[in-house]
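Only one structure is covered here, and it is reproduced in the block below.
Read-outs: derived from the displayed coordinates by stated rules, not from any lab. Given the structure is predicted, the values throughout are model-derived calculations rather than measurements. Cβ coordinates were reconstructed from backbone atoms using ideal geometry, including for glycine residues, and neighbour counts include every protein chain displayed.
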Amino acid sequence: MERSADHGAPRSRGVGVLLAGGEGRRFAGPTHKLLTVVGGRLLFEWGLAAIRGAGLEPWIVWGALAPDPPSTPDDVVALTNPRWREGMATRTEVAIDLAREIGLDALTFGPADQPGIPAAAWGAVDAAPATIAVATYGGKRGNPVKLGRAVWDAVPSTGDVGGRAVMELHPGQVVEVACQGNPADIDTLEDLDRWNSSTTSP
């Protein structure tokens, strides 16, 4: 695991972790989907801006792009996941390993391909007084998801699972947080076209 930024300073705010580790195989564009422009901004930058806007410390976990990751602002903790091919769970694990090392109590996770998740959703989920908190949109669970230290051991280490698996194991600890926003992700060129032509674009 590689990382950048200073981890020694005391933290008085929560941490939002942007999971940017996938290959994006369904996206048929000329570049990785996270490096495409959505609403005038690179796709992954929307998530970082929302995390920052929520008053959280922004982290990002790179995987497929890790050999030559995009540059990020100095306030972003950039992590790399050499095991990204083993699934989404490995990206979550990278962030949890660092959180244990520096003594954090919780992390709030979200994907880097959902530009319609606003800062308000990140902030509300992170602030929820619960070990596990999940955003809902129209009554349906989505992202982001907060996981407290008490359930980190339940997070799978491989496979394309993450917060959902933990919620299934500990349903009584889950608090749903109603949020406004658009939790749709961008997986294909068609998704990208819809975002760029829609009035609901971020």
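Data table
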quantity	calculated
Relative packing of 55-62, 132-139, which averages over residues the other C-beta atoms within 10 Å, highest first	55-62, 132-139
The chain - charge dipole about Cα centre, Lys and Arg +1 at Cβ, Asp and Glu -1, debye rounded to 20	280 debye
Calculated [θ] (222 nm, deg cm²/dmol) that DSSP helices of n ≥ 4 give over the chain, each run adding -39,500 (n - 2.57)	-7500 deg cm²/dmol
Overall Cα dimensions of the stretch 15-193, principal axis frame, Å, largest first	44, 34, 30
DSSP H segments from the chain that extend 15 Å or more along their own axis, Cα-based, with Kyte-Doolittle mean of 0.0 or above	43-53, 88-102
VAL175 paired with ASP160, simple spin-label distance in nm, labels 7 Å along Cα-to-beta-carbon	3.2 nm
Theoretical FRET efficiency, 1/(1+(r/R0)^6), r = Cβ-Cβ of THR136 and ASN196, R0 30 Å, to 0.05	0.70
Fully extended contour minus Cα-Cα distance, from ILE102 to GLU86, at 0.36 nm per residue	3.2 nm
The chain: relative contact order as a whole-number percent, Cα under 8 Å and 6+ apart	25 percent
Farthest toward positive dipole pole in the stretch 22-112 [+1 Lys/Arg, -1 Asp/Glu at C-beta], among ILE102, THR72, LEU56	THR72
Most mobile of LEU189, LEU48, LEU79 in a GNM of the chain (Cα contacts under 10 Å)	LEU189
